[in-house]
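Have a look at this one before I ask anything.
The values are calculated or read from the model by the stated rules, or taken from the named source; none is laboratory data. Remember, predicted model here, so these are calculated numbers, not experimental data. In this analysis, Cβ positions are derived from the backbone assuming ideal geometry, glycine residues included, and neighbour counts consider all displayed protein chains.
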Amino acid sequence: MTPGMRHPLIALALLLLTACAEKTHPPQVYKYTFFSMGTQIDLSLFDVDPARSEQIATAIERDFTALNTAWNPWGNGDLGQLNTALKKNQPATVNQALQELIENARILARDSDGLFNPGVGGLVTLWGFNEAATQMPSGPPPTQAALDVWLKRHDSLANLKIQNLTLSGHKPGLILDFGGYAKGYAVDKAIQHLTDLGVKNAIVNAGGDLRAIGSKGGRPWMIGIRDPRGPGMLAALPVRDGEAVFTSGDYERFYEYQGHRYHHIFDPRTGYPTQETASVTVVYNAGAKADASATALMVAGPQHWQSTAKRLGVRQIMLVATDGTVYITSALQTRIQFEKSPAKLIVGDVDAH
Ligand code: AMP
Ligand code: MG
């Protein structure tokens, strides 16, 4: 066949393919991106009428914008105003939504034995990681005397009572910060809203922390779990209907001072950033609990993550220690696909503890 004769055949094949595609209208993934909660939010909808997709996506963006303002501990929204009232020792009141946020956090704080502690706002401020700071702090770390003041106050939700939307029982100086689980909570709200709007297949991905519903045309949504110490992904994971995947890490917000890494997740028992864990990933069927658990397990560390996970009731966990060892539960190991081989892999189940 001469080259000239190929063209009509190719053209015919293309025509047939196009005609076929037009006839069946294969479902599409609609993607929408915006910034909120300090990160990029990627929304993917599968098989939703294109005309509706944009409307749905902007509704979800509006939700995030509202929650981001309401739950910023340092701003002028609901939580910011509450923290200002607490600081001035004025009567502190909450609305229904904030009460719900606090009460849900209270359960997670209790179940993690206080390792997840939304009373850490004072520590976050001492270390300079409050969002009001326009730049990443550069050190030096706070003095031990300043940390001791925070440690002696035992700031937590434990003493905080809410009656008729009014707070009492807490010690002056408490600063509430729900940054350890607000993103998960917001992702849950987004998934609920999508479901209410009739969307069956979607993924809400907030900078690598996400929750999915349904699938992508019968194939599971595939996501990547970041390598905490290098570029690219450590592993890939097919996500099941309703599952959330949340990762906490010492690489997200940190500074180095005199050769030490100081990051934004604190051990409420010492007042210092956690030391031995680079990242923790939790897979669970709710974003809020996955998010809070990942933060709590960063604090629990390689020695105690299994017992803390058991109390929290989460079973699919991967912890990357700062020495490169990867600890993983068998429930997660059987479905994860490593893209880089861990230096050392230890499979250990939550129920064994
Ligand atoms: P995450 O990335 O979900 O682990 O959240 C980190 C954020 O949670 C920090 O920026 C703080 O605002 C807050 N935080 C830090 N330490 C704790 C802790 N021990 N318990 C709860 N929240 C914390
Ligand atoms: Mg978290």
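Rundown of residues vs (1) modelled with pLDDT under 95; (2) within 21 Å of V120 (Cβ to Cβ), yes/no style:
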site	(1), (2)
G287	no, yes
S293	no, yes
A309	no, yes
G324	no, no
I328	no, no
L332	no, no
K344	no, no
G348	yes, no
A352	yes, no
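Report yes if A309 is within 19 Å of D209 (Cβ to Cβ) and either surrounded by 21 or more Cβ atoms within 10 Å (Cβ to Cβ) or in contact with a Lys or Arg (Cβ under 7 Å, 6 or more places away or on another chain) (or both), otherwise no. Before the answer, list the steps.
On the way: within 19 Å of D209 (Cβ to Cβ): yes; either surrounded by 21 or more Cβ atoms within 10 Å (Cβ to Cβ) or in contact with a Lys or Arg (Cβ under 7 Å, 6 or more places away or on another chain) (or both): yes.
So A309 passes the test.
Hey, another quick one. Yes or no: R153 assigned by TED's automatic domain parsing to the domain that holds G271 and more than 16 Å from ligand 2 (Cβ to nearest atom)?
Working: assigned by TED's automatic domain parsing to the domain that holds G271: no; more than 16 Å from ligand 2 (Cβ to nearest atom): yes.
No: the conditions fail for R153.
Among the residues of the stretch 168-184, write down those that are surrounded by 21 or more Cβ atoms within 10 Å (Cβ to Cβ) and either over 22 Å from V283 (Cα atoms) or out of contact with any Asp or Glu (no Cβ under 9 Å at 6 or more places or on another chain) (or both).
Here is the first cut: in the stretch 168-184, the residues surrounded by 21 or more Cβ atoms within 10 Å (Cβ to Cβ) are 174-184.
Those that are surrounded by 21 or more Cβ atoms within 10 Å (Cβ to Cβ) and either over 22 Å from V283 (Cα atoms) or out of contact with any Asp or Glu (no Cβ under 9 Å at 6 or more places or on another chain) (or both): L174, I175, L176, D177, F178.
Strands (runs of 3 or more DSSP E) wholly in the stretch 301-353 with at least 3 residues that are within 23 Å of E243 (Cβ to Cβ) - which ones? Let's see the steps before the verdict.
Working: elements: 316-321, 325-328, 344-347.
Filter on the stretch 301-353 gives 316-321, 325-328.
Something else: State all residues of the stretch 156-184 that are in the same structural domain as L115 (by TED's automatic domain parsing) and either in contact with a Phe, Trp or Tyr (Cβ under 6 Å, 6 or more places away or on another chain) or within 16 Å of ligand 2 (Cβ to nearest atom) (or both); if no residue qualifies, say none.
L157
Which one is nearest to ligand 2 (Cβ to nearest atom), of the residues in the stretch 83-94 that are surrounded by 15 or more Cβ atoms within 10 Å (Cβ to Cβ) and not in a helix (DSSP H, G or I)?
That would be V94.
Please enumerate the residues belonging to the stretch 279-300 that are part of a strand (DSSP E or B), near ligand 1 (Cβ under 10 Å from one of its atoms) and among the hydroxyl-bearing types (S, T, Y).
S279
Continuing with this model, one more query. Can you name the residue in the stretch 185-215 that is charged (D, E, K, R) and not in a loop (DSSP other than H, G, I, E, B) and, of all such residues, is surrounded by the fewest Cβ atoms within 10 Å (Cβ to Cβ)? Spell out how you get there, then give the answer.
Let us first name the residues in the stretch 185-215 that are charged (D, E, K, R), namely 188-189, 196, 200, 209, 211.
Still in the list and also not in a loop (DSSP other than H, G, I, E, B): 188-189, 196, 209, 211.
Working: D188: 21, K189: 19, D196: 8, D209: 26, R211: 29.
Across the stretch 185-215, the extreme among qualifying residues is D196.
Among the residues of the stretch 59-82, how many are touching a residue at least 24 places away in the same chain (Cβ under 8 Å), assigned to a helix (DSSP H, G or I) and either out of contact with any Asp or Glu (no Cβ under 9 Å at 6 or more places or on another chain) or buried (at least 21 other Cβ atoms within 10 Å of the Cβ) (or both)?
Here is the first cut: in the stretch 59-82, the ones touching a residue at least 24 places away in the same chain (Cβ under 8 Å) are 59-61, 63-65, 67-68, 70-75, 79, 82.
Remaining after also requiring assigned to a helix (DSSP H, G or I): 59-61, 63-65, 67-68, 70, 79, 82.
In the following step, the residues that additionally are either out of contact with any Asp or Glu (no Cβ under 9 Å at 6 or more places or on another chain) or buried (at least 21 other Cβ atoms within 10 Å of the Cβ) (or both) were identified as 59-61, 63-65, 67-68, 79, 82.
Final tally of qualifying residues: 10.
Okay, next question. Being touching a residue at least 40 places away in the same chain (Cβ under 8 Å) and over 23 Å from V239 (Cα atoms) is the filter here, so list the residues in the stretch 299-322 that pass it.
Step one: of the stretch 299-322, the residues touching a residue at least 40 places away in the same chain (Cβ under 8 Å) are 299-300, 306-313, 318-322.
Listed by number, the residues that qualify are V299, A300, S307, T308, R311, A321, T322.
Within the stretch 241-263, how many residues turn out to be surrounded by 14 or more Cβ atoms within 10 Å (Cβ to Cβ) and outside any loop (DSSP other than H, G, I, E, B)?
Summing the residues that are surrounded by 14 or more Cβ atoms within 10 Å (Cβ to Cβ) and outside any loop (DSSP other than H, G, I, E, B) in the stretch 241-263 gives 11.
Which of the residues belonging to the stretch 170-184 are more than 16 Å from T247 (Cβ to Cβ) and either in a helix (DSSP H, G or I) or of a type outside the set (D, E) (or both)?
Initially, the stretch 170-184 is screened for residues more than 16 Å from T247 (Cβ to Cβ), giving 170-178.
Result: H170, K171, P172, G173, L174, I175, L176, F178.
Related question: Could you grab me the full set of residues in the stretch 148-204 that are within 15 Å of ligand 1 (Cβ to nearest atom) and small (G, A, S)?
Those that are within 15 Å of ligand 1 (Cβ to nearest atom) and small (G, A, S): S156, A158, G179, G180, A182, G184, A186.
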